[in-house]
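> The structure is given below, and queries will be raised subsequently.
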């Protein structure tokens with residue numbers, strides 16, 4: 001079934017006591033896509049991912065993973081990198097990777113070969129026989145990533161894979177994710193890093209307070225949530241711009257003004273050119289970051305809600 | 001399902017056997033036992049102190065006798081090279097010289113406090129009386145737990161006083177001692193008719209030896225279980241605190257994880273058992289104690305070992321799953337430790353009276369069955385078959401229930417972070433699907 005989505009959630013709800021962690025969420029993750037889960041802390045991301053992993057069971061709704069409904073039959077085909085890293089500190093790296101790979105049903109020899117390939121690619125060959133507790137945080141995180149993919153899963157779920165990594169390792173891991181995509185692996189990852197999500201994801205899903213608020217490609221999302229906004233540098237500056245019809249708001253950045261429009265940019269440009277000399281005119285789209293912040297202006301206390 | 005359990009078991013086994021703790025643990029038990037033995041033997045022999053004792057003698061005969069007896073004792077406690085082999089007693093007579101009892105006692109007490117004396121005794125004149133209520137000898141010391149000196153005094157004074165009483169009643173002390181010599185008794189096992197038609201000669205039973213084999217078997221079982229089952233608690237807590245549990249649960253079910261761990265533990269204890277039991281048998285053969293070994297006990301030992309490791313192991317897994325930190329586990333451990341150790345406190349009662357109602361009921365109780373039923377089987381003639389069957393069935397049933405409950409608790413507990421569950425919550429986890 002090549003066209004069957006890798007993951008389907010239908011009206012899934014999960015409650016913990018009084019709190020509803022995931023509230024009537026439906027989504028589809030196409031095969032071979034990189035699918036970004038975004039949302040503030042405590043919005044239900046981890047709970048949704050755990051339900052997809054069949055670690056938690058939904059109270060209501062149906063979850064289908066790789067064509068398998070409500071059982072853990074597909075579990076071996078799914079690699080999972082949890083938000084909190086989990087490695088045996090006393091185990092040497094290669095033995096740990098072999099163990100995790102075997103637990104996913106991998107053959108010992110195949111798993112070892114795959115592990116060595118990834119260790120080489122991620123620059124960890126030198127520590128293959130070192131105990132995990134000897135590794136730096138960045139190294140341990142890369143080892144955890146390898147543990148997730150070492151059994152060659154068809155679907156990989158990464159919970160905050162980039163958090164706590166320095167820029168160099170971030171790029172290394174991004175390349176690794178793109179390599180998975182080249183192999184045809186479906187990748188779902190959650191992140192706070194909007195830039196990374198924008199660059200990497202084919203589709204983006206945003207969950208807020210347990211409810212789905214965004215779902216689609218970046219283009220679709222920007223179109224839906226896009227406000228008409230232009231960056232302008234023109235003689236007369238902000239004072240002049242505010243007098244042009246159709247202007248809602250002007251944010252003065254000094255050398256350039258950010259103008260929020262009620263009407264179409266084309267009409268605004270015509271009106272502007274009639275009044276003054278225009279040095280720069282750029283139609284912008286809101287970044288994912290802006291959309292995220294718009295939707296989820298976190299109240300201070302929400303920062304302390306643990307991810308459930 | 002099976003292969004994943006095996007993979008976990010193998011990993012657990014490897015991890016346990018490769019660790020330094022395993023090697024230390026392996027050596028620790030024999031080393032500790034050996035060290036305790038050596039220290040005790042050394043300590044017992046090394047009491048070569050000199051104990052000065054003052055004697056306030058109101059009888060006129062006891063004091064002089066004690067001084068002579070001390071000389072004999074000291075000579076016996078001296079090697080041919082002149083070194084002391086035991087404590088020496090230096091007795092000295094105290095002349096009251098008209099002082100009252102109380103003054104004298106105070107003065108001698110002060111001398112003991114100044115460490116000029118170790119102790120003093122008062123021997124009232126009336127101890128020699130043939131009839132009537134006789135007073136007791138009084139022994140004064142700062143060290144009431146020191147035994148050799150008062151033991152020696154009691155024996156010597158007792159013998160002399162008895163002789164004196166016999167003399168006063170007109171008897172011959174030597175003849176009297178011979179008349180009053182205690183009767184000895186041998187303990188023998190039962191006899192059978194041998195193939196050539198004769199009745200076998202009954203073997204003399206050594207009480208110490210009869211106790212030795214059952215006790216060794218039971219305590220070895222206990223040591224093996226205790227060396228592995230509580231480890232499972234640490235292993236589960238490690239997986240919880242370092243968040244490995246979530247990775248594992250992405251690959252296997254909580255139940256598979258637990259069965260794998262239990263299987264790994266059973267394997268580790270069986271290896272330890274083979275090493276200890278094998279070593280013990282080898283030592284027994286060397287020391288010519290082979291006759292003491294009851295080979296029929298080995299399968300029972302193995303069976304009860306597996307049952308106990310799984311029963312107590314799953315209990316400790318459940319506790320580990322409920323705790324979020326090792327230090328939280330301490331409080332939860334206490335009841336579990338009590339449950340797993342109480343049979344050991346009662347072993348002597350059971351060993352001395354293996355077929356009493358108390359022993360029977362206790363050895364049928366699942367948590368005590370592995371230890372106490374093994375003990376009863378080891379003590380001849382052994383319990384009736386129905387009791388063995390009942391205790392094994394009961395223990396198996398309890399083990400099954402414990403494994404089930406622990407699996408349920410593990411499933412919920414593994415993902416719980418930051419707080420330790422109460423027993424009430426654990427009970428709810430077991431009952432909710």
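> Roughly what percent of Cα-Cα pairs across region A:227-284 reach past 14 Å?
Across region A:227-284, Cα pairs with separations above 14 Å total 42 percent.
> Okay, moving on. What is the angle, in °, between the Cα long axis of helix B:385-413 and the longest principal axis of the Cα atoms in chain B? Nearest 10 is fine, range 0 to 90.
So the helix axis and the longest Cα principal axis differ by about 60 degrees.
> Taking 10 °C and 1.306 mPa s as the conditions, I'd like the Stokes-Einstein D for region A:23-158 in µm²/s, using the Kirkwood hydrodynamic radius from alpha carbon pairs.
Stokes-Einstein gives a translational diffusion coefficient of 99 µm²/s.
> Then there's this: Sort A:131, A:137 by Cβ crowding within 10 Å, fewest neighbours at the top.
In increasing order of surrounding Cβ atoms, one gets A:137, A:131.
> Next up: Given a Förster distance of 35 Å, report the FRET efficiency between residue B:48 and residue B:352 from their Cβ-Cβ distance, rounded to the nearest 0.05.
The calculated FRET efficiency here is 0.45.
> Say R0 is 45 Å: what FRET efficiency, to the nearest 0.05, do residue B:207 and residue B:327 get from their beta-carbon distance?
0.45
> Next question. Nearest 500 deg cm²/dmol is fine: what mean residue ellipticity at 222 nm does chain B get from its DSSP H runs of n ≥ 4 alone, each adding -39,500 (n - 2.57), divided by its residue count?
-22000 deg cm²/dmol, from helical runs alone.
> Here's a follow-up. What angle, in degrees between 0 and 90 and rounded to the nearest 10, separates the Cα long axis of helix A:265-275 from the longest principal axis of the Cα atoms of chain A?
Roughly 40 degrees, rounded to the nearest 10.
> Once every DSSP H run of n ≥ 4 in chain A is given -39500 (n - 2.57) and the sum is divided by its residues, what mean residue ellipticity at 222 nm do you get, rounded to the nearest 500 deg cm²/dmol?
Helix-only estimate at 222 nm: -9500 deg cm²/dmol.
> Could you work out the mean projected area of the convex hull around the alpha carbons of chain B, in square nanometres to one decimal?
Computed as one quarter of the Cα hull surface, the answer is 33.9 nm².
> To test your reading of the geometry: what angle, between 0 and 90 degrees and rounded to tens, separates the Cα axis of helix A:108-121 from the longest principal axis of chain A?
Helix A:108-121 sits roughly 40 degrees off the main axis of chain A.
> Report the percentage of all Cα-Cα pairs in the protein assembly as shown whose separation exceeds 52 Å, rounded to a whole percent.
44
> A follow-up question, please. Using Cα-Cα distances under 8 Å and only pairs 6 or more residues apart, what relative contact order does region B:206-431 have, in percent?
So the answer I get is 32 percent.
> Can you give me the P(r) profile for region B:50-174? Cα pairs, bins 5 angstrom wide beginning at 0, each as a whole percent.
Bins of 5 Å from zero give 2, 10, 19, 21, 19, 14, 8, 4, 1, 0 percent of pairs.
> Among B:249, A:155, what is the fewest-to-most ranking by other Cβ atoms within 10 Å?
Starting with the residue having the fewest Cβ neighbours, the order is A:155, B:249.
> Right, here's the next one. Roughly how far apart, in whole Å, are the Cα centres of region B:200-253 and region B:400-421?
What the calculation gives is 21 Å, centre to centre.
> Still on this structure, please answer the following. Please order B:23, B:410, B:364 by the number of other Cβ within 10 Å, starting at the fewest.
With the fewest neighbours first, B:23, B:410, B:364 line up as B:23, B:364, B:410.
Where a number appears in this text, it was derived from the coordinates with a stated rule and is not lab data. The shown structure was predicted, so the numbers you read here are calculated from the model rather than taken from an experiment. Cβ coordinates were reconstructed from backbone atoms using ideal geometry, including for glycine residues, and neighbour counts include every protein chain displayed.
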